[in-house]
1. Could you tell me which of rounded, prolate or oblate describes region 370-409, using a ≥ b ≥ c as the square roots of the eigenvalues of the alpha-carbon gyration tensor, with rounded for a/c under 1.5 and, failing that, prolate when a/b is larger than b/c and oblate otherwise?
2. Could you list the chymotrypsin sites (Phe, Trp or Tyr not before Pro) in region 175-276 that lie in coil according to DSSP, counting only those with at most 14 other Cβ atoms within 10 Å of their Cβ?
3. Which of the trypsin sites (Lys or Arg not before Pro) found in region 279-351 are loop residues per DSSP with 15 or fewer other Cβ atoms within 10 Å of their Cβ?
4. Given +1 on the Cβ of Lys and Arg, -1 on the Cβ of Asp and Glu, and no further charges, what dipole in debye does region 475-561 carry about its Cα centre, rounded to the nearest 20?
5. Say each of residue 92 and residue 393 gets a label point 7 Å from the Cα, pointing the same way as Cα to Cβ; how far apart are those two points in nm?
6. Test of the criteria: in region 311-347, which GluC sites (Glu not before Pro) are in a DSSP loop and have at most 10 other Cβ atoms within 10 angstrom of their Cβ?
7. Go through 393-404, 138-149, 459-470 and give me the packing order, highest mean Cβ count within 10 Å leading.
8. Cα gyration tensor of region 173-273, axes a ≥ b ≥ c as square roots of the eigenvalues: rounded (a/c below 1.5), prolate (a/b > b/c) or oblate?
Amino acid sequence: MRRRLLLTGLLWLLGTFAFAQNVESQLVDAVALYNNRAFGQSRTLLQTLSKAAPDNDAVWYYLGLDEAMLGNADAAISNLRKAVELDPHNYWYKRRLADLYAAAGEDEMVIQMCESILQEFPDKTDVLYDLLTLYLKKEQYEKALEMLDDIEKVSGPGEQAVRTRYDILRSLGRDEEAIAALEDFNEQFTSPSVLSMMGDYYLSEFKDSLALNAYNEALSAQSDYVPAMLGMAEVYRTTRRYNEYFATMYQFIDNDSVPVEAKGMYVSNVIRSLDPKIVNQHRVGFDQMVERLQLHHPSDTVALSTAGGYYYATGRLDKGIECFEKSADLYPESLGQTVSCIQILLMAERWEDVKTRCIAAFDRFQELGFMEYLNTANYYLKDYDAVINNCRYLIAREPKNTELVKNSWNQIGDMYHLKGDTKEAYKAYEKVLKIDPNYAPVLNNYAYYLSEEGKQLKKAYAMSKKTVEAEPDNATYLDTFAWILHLMGKDLEAKPFFKHAMLYGGKDSAVIMDHYAEVLYKLGEYDLAQVYWSQAKAKNTDGAVPDLDARVEARLKAIKK
């Protein structure tokens, strides 16, 4: 009997051992599949193992990794949590689970997991830094400061750590502690970065001498350290020591290790931020800055555009245009450079040049925007037929582009009106309104031109009414609607629309103020009418109201004013 029991026990132990061996063998196979990126096959094998050996933490760990690689975040987290429950002291299980929480955006769970890891593994610097980053993200600054203390205990004082401590203390308003942290670090180590931060702090506190000392020390450690160089330049500029300022800036621009993008950005920003009087007063120095930038980077688009913008801003239009044209010609394949060149030519109202470059640009890039620029040039050149032909081309080319088609027919109508062909103008407008009966630009222009002719005022009224309902604060639309009311003999109704227009830009238009004055005159409000006529005259420098002076004189004469 005893022999039989012993034999049964021995067989049970052998079976258990064989089962354990089989689990381990299959686990090794699953890990090999995982390492070979056969994540689906590995997962299938591990799912079977998880049922056969539910207490095997490694099975759940690798099953979680498979699910993560297959994009199943929830299943991955669930499996890693089981692995951690089975072996709560395994660093890698917790580390990977924290990574999964981070990928899922569950910051609180990441913090919880990292804090748990550090209780057992306080020297894990990667976890320390992860936790520091999360505390900063959550604006838990006191905890972040504690974490920096732990990092320094493990790794010793470091530049990145002291910079972070400085930023945290500054954000907490503890400025004295912040600068003290930098100063303490500087007594033990030499860091151009930390010294530049010290200089920036002193500069912000108007301690110019201390700032210069810090920047000089930084440059002694690294002669081409750009932040220190720019900080020193800023001290000289704010203290109006412009000779030293420009000398420092020339070193910055001459420094070949500084990317041209950084040079261009700095030059552009500093010139843009300064009072134009200062720039003019020190024109020679600023000119030399820009010239040196071009000299060191003669074919660079950043240098050329920076110089072009500077010359344009300082009233030297031709030199500015020359820079943009050079850049566009050097890089004809660059859409950006071509657009920048055409845009500055538009601002300079160099219409023939705009026309020439737009035609070439459209042939090269086939971008419809160049046709819009071309239409602008042709309009100012009074080549209305060219605008019409361009618009017809766009309509034929892009018949399904509704906005483009509407805008093109609108322009065609406007051009025909300028040519004096109202019949064709109205045909074009009707084409737009068939596509979009509520297209406000056409409704407004169509209504206004009808009112000028004194025809179909009811139709004009109905169209204009739609525009003010759609855009009740548009001064142009308000003017058209109110003027139509005036022509229909409804001056009392017109007046509030004109008053509203005055609040939204109407006072910038001689036409609108003249219309308002006419209505006030008709209502017998002569003094107020005279005020608006006076303002209209002052705005009528372009002759938008050609008969204004003579008509006002006649009106005032009629009432003996």
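What follows draws every value from the coordinates through simple rules; no lab data is involved. All figures in this text were calculated on a predicted structure; none of them were measured in a lab. Using ideal geometry, Cβ is built from the backbone for each residue, glycine included, and neighbour counts are taken over all protein chains shown.
1. Numbers: a/c = 2.49, a/b = 2.11, b/c = 1.18.
Prolate shape, in that a/c is at least 1.5 and a/b is the bigger ratio.
2. On the way: sites: 185, 189, 201, 202, 206, 215, 225, 236, 242, 245, 246, 250, 252, 266; in loops: 189, 206, 225.
Passing both the DSSP loop test and the Cβ count: 189, 206.
3. Details: sites: 283, 292, 316, 319, 326, 350; in loops: 316, 350.
Loop-located and lightly packed - 316.
4. Values: 12 positive and 12 negative charges, 52 e Å.
That gives region 475-561 a dipole magnitude of about 240 debye.
5. 6.8
6. Details: sites: 322, 325, 333; in loops: 333.
Filter output for region 311-347: 333.
7. Values: 393-404: 13.2, 138-149: 15.9, 459-470: 19.1.
Packing order, densest peptide first, comes out as 459-470, 138-149, 393-404.
8. Working: a/c = 1.97, a/b = 1.50, b/c = 1.31.
The shape class here is prolate.
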